[in-house]
Amino acid sequence: MSVFSKEIATRRLFGVDFDYFSYTFALVFFIFNLKRILYFQGTPWKLYGYLVFSSLISIVTLNMGYGGFLKQIIPILILYSVNFFIVGSGDWTNIFKLYVKFAYYSAIFGIIQFVASLGGIDLLNQTAGRLDSVAYEPSHYAALLVPAMVFAFFHYKEYKFYFNVMLVALILTLNLTGYLSFLFVISLAYINLVYFIFIIPLAYFLIFKVLIDFNENFNMRIVDTLAVFKGDVNVLNKQVRTNGTTVSLFSNLMVAKSNIENWHLLGSGVGGHEESYYRYFENSSFRHNWFFGLNAPSGHSLSIRILSELGIVGFVLYVYVLVKNLLLADSGICRNISLACLSHFVCKSFKLGGIIDYGTPFFFAMLIINGIQYRYNQNLKKKNDAN
């Protein structure tokens, strides 16, 4: 579905980035299987009901427009329903393994792309000397590659060559988000107080003593981000090109934060972050900044966007769903799939706020179906043991 087709198949259609491959497939599949989807037990009707109900309340109370809501809720209903149906109707473990295989192929292409870029040959890469494979940016590619790497790591005997190739690809992205997300999820799998005693100082050393001087890109992002969170907001007042990632992060976070400060517990509604962004900075000098409006539609990251559009209530529910379906107590394939899916959302907590791109519907559906199947199998096993 939408995991690998974003850059290859996306074109502008009526002012919207339309993925002609995955969106068209989902739309056709949805239309021809509408009755089956409507009666499919795995379709998340409660989720849809909450999104629609809470968003309409926010739109009315905050006097928001309906355009952003309709532009987002319709694709959500179609894409998530199709993903839940496909994942829930078949062998979800084999479906995930198929995704891992395609991720491996994308890593091979990415390595070829990287080598070609050094010779001045452009194979879909936006930045020479940095691998982004079938995604627009290295950080985008990390969000679709890291879940496959996590799974391959836990099944190293079977996926040894896959993992090594994908590891090389991840390293060549020169993307801190991908590195930290992979290390965080792997550490989470072996959670132990003793480990954290060593991991925290090690992470500090790697970030502030090694990576900060690794190259100019890492240095600029780390230094600027630290300055902002220490209270230096001058980054929003600069009239020249600076570090866009930090400006995007901080400006969008300010919008989400304003919802909390104004007690908008349900947020601005699905698709409402962009309108809230322009309202918030309407009379600000930041409007003259080179990066004004950067990632305003997506909120910079999925976590910021959910906090902004669904408020504290929606954000707590989002975290609850992730934690509920994180199967750390298991030791088999279900645990590994849950950790792999979690890594996608960890990546998107750093960067990328799209709700329907780079496989987010797939990983969300996979995480929940995987959790449901695991609990069903466990209950069935208990009943059999009791008999």
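The residues of the chain expose on average 49 square angstrom of accessible surface per residue, using a 1.4 Å probe on protein heavy atoms. For the stretch 65-71, 3J(HN,Hα) computed residue by residue from phi via the Karplus equation (6.51, -1.76, 1.60; θ = phi - 60°) reads x, 8, x, x, 4, 5, 5 Hz, glycine and proline entered as x. Helical runs assigned H by DSSP (4 residues or longer) give the chain a calculated mean residue ellipticity at 222 nm of -22000 deg cm²/dmol, each run adding -39500 (n - 2.57) before division by the residue total.
Each label was represented as a point 7 Å from its Cα along the Cα-to-Cβ direction; for Asn63 and Trp290 these points are 3.7 nm apart. Note on the chain: GNM, Cα springs under 10 Å; of Ser285, Ser81, Ser338, the largest mean-square fluctuation is that of Ser285.
Between Gly293, Gly267, Gly65, the Gaussian network model of the chain with springs among Cα atoms under 10 angstrom shows the greatest mean-square fluctuation at Gly65. In this view, the solvent-accessible surface of Lys101, computed with a 1.4 Å probe and all protein chains in place, comes to about 80 Å². Value of Rg to Rh for the stretch 5-385, rounded to two decimals, is 0.96; Kirkwood radius and Rg both from alpha-carbon coordinates.
Based on Cα contacts under 8 Å between residues 6+ apart, the chain shows a relative contact order of 22 percent. The distance separating the Cα centre of the stretch 272-297 from that of the stretch 337-380 comes to 31 Å. Accessible surface of the stretch 291-387, 1.4 Å probe: 63 percent of it comes from carbon and sulfur atoms.
The values are calculated or read from the model by the stated rules, or taken from the named source; none is laboratory data. Everything numeric here is computed off the predicted structure, so don't read it as measured data. Positions of Cβ are generated from backbone atoms using ideal geometry, with glycine treated the same way; all protein chains shown enter the neighbour counts. Surface areas here come from the heavy atoms of the whole protein model, side chains and all, with no ligands, DNA or RNA. Shrake-Rupley method; radii C 1.70, N 1.55, O 1.52, S 1.80 Å.
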